[in-house]
1. Working out 0.36 nm times the residue gap between LYS68 and LYS143, then minus their Cα-Cα distance, what length gain in nm do you get to one decimal?
2. If packing is taken as the mean number of other Cβ atoms within 10 Å per residue, what is the order of 118-128, 27-37, highest first?
3. Given labels modelled 7 Å from the Cα in the Cβ direction, how far is it in nm from ASP126 to ARG89?
4. What number do you get for the range 118-170 when its Cα radius of gyration is normalised by 2.2 N^0.38 Å, N = residues?
5. Set the bar at 26 Å for Cα to Cα. Now go through LYS68/LYS133; LYS115/LYS161; LYS119/LYS161; LYS74/LYS143 and name every pair that lies beyond it.
6. Between GLU101 and ASP41, what is the label-to-label distance in nm when each label sits 7 Å out along the Cα-to-Cβ direction?
7. Can you compute the charge dipole magnitude of the range 113-170 about its Cα centre, using +1 on each Lys and Arg Cβ and -1 on each Asp and Glu Cβ, nothing else charged? Give it in debye, rounded to the nearest 20.
8. Rounded to the nearest 0.05, what FRET efficiency is calculated for ALA182 and ASN114 with R0 set to 30 Å and r the Cβ-Cβ distance?
Amino acid sequence: PGKRETQSFWKFASSKNCQPRYLEGLRLLWNIRELEAERQDRPVFQIFSNQILTALAGFAVNNHNEDKMGQYLKHVSAAIRSEIPELIRTARNTPLRECPEYPDNLFRKNPDYNKAIFKKLQMVRDRVADREKIDPAIIAGNKTLKKIAVMPEDAIYNYSKVRDLAGLRCWQYRLLIEELAAHKKV
């Protein structure tokens, strides 16, 4: 996984005390969900929820009856549903020395950002979220907006630069930047 996925994964896992194979299961499931969301250009929660993610990762640690896994798999996108049991078995069989360890100094403070651009992005994001009736953080969290606000304003209209710097998916970028461009014309 890239830096964005790695940071997001560890922020989600957020516990240095999780069992190693649980973290490996979580990592494998996280990555397949991220890749499928990217492939479908959809938010990750539409592939499967965080609750399903953590429940499925639990099968990597606990010797649950795999028949119980079915109650969770029915909530997983059909495109990857059949791959999940194998990922769980892989995590369960991963040697402990190969399981993820919580990285040191992963989360550094955002560099200085342009507060005016940040406020504009925040306003636009909130307007879109209100219109679409979704949580603003689904479009982009404040930390993501601050990463974007480090860029010169004209560079914000270059998707590949924004994606590389802040990790926005195409659909997130489209919602945010189309509204920003419309706001700019007013």
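1. Details: separation 75, 0.36 × 75 = 27.00 nm, distance 3.74 nm.
Answer, rounded to one decimal: 23.3 nm.
2. Working: 118-128: 17.9, 27-37: 20.3.
So the order, starting with the most tightly packed, is 27-37, 118-128.
3. Those two pseudo-labels are separated by 5.1 nm.
4. Values: Rg = 10.6 Å, N = 53, 2.2 N^0.38 = 9.9 Å.
That ratio works out to 1.07.
5. Details: LYS68/LYS133 34 Å; LYS115/LYS161 19 Å; LYS119/LYS161 20 Å; LYS74/LYS143 33 Å.
Violating the 26 Å Cα-Cα cut-off are LYS68/LYS133; LYS74/LYS143.
6. Each label point lies 7 Å from its Cα, and together they span 4.1 nm.
7. On the way: 13 positive and 7 negative charges, 23 e Å.
Here the size comes out at about 120 debye.
8. After rounding, the FRET efficiency stands at 0.90.
None of the figures in this text is laboratory data; all of them are computed from the coordinates on show. Predicted model only: the values in this text are computed from it and were never measured. Don't worry about glycine lacking a Cβ; one is built from the backbone with ideal geometry, like all the others, and counts go over all protein chains shown.
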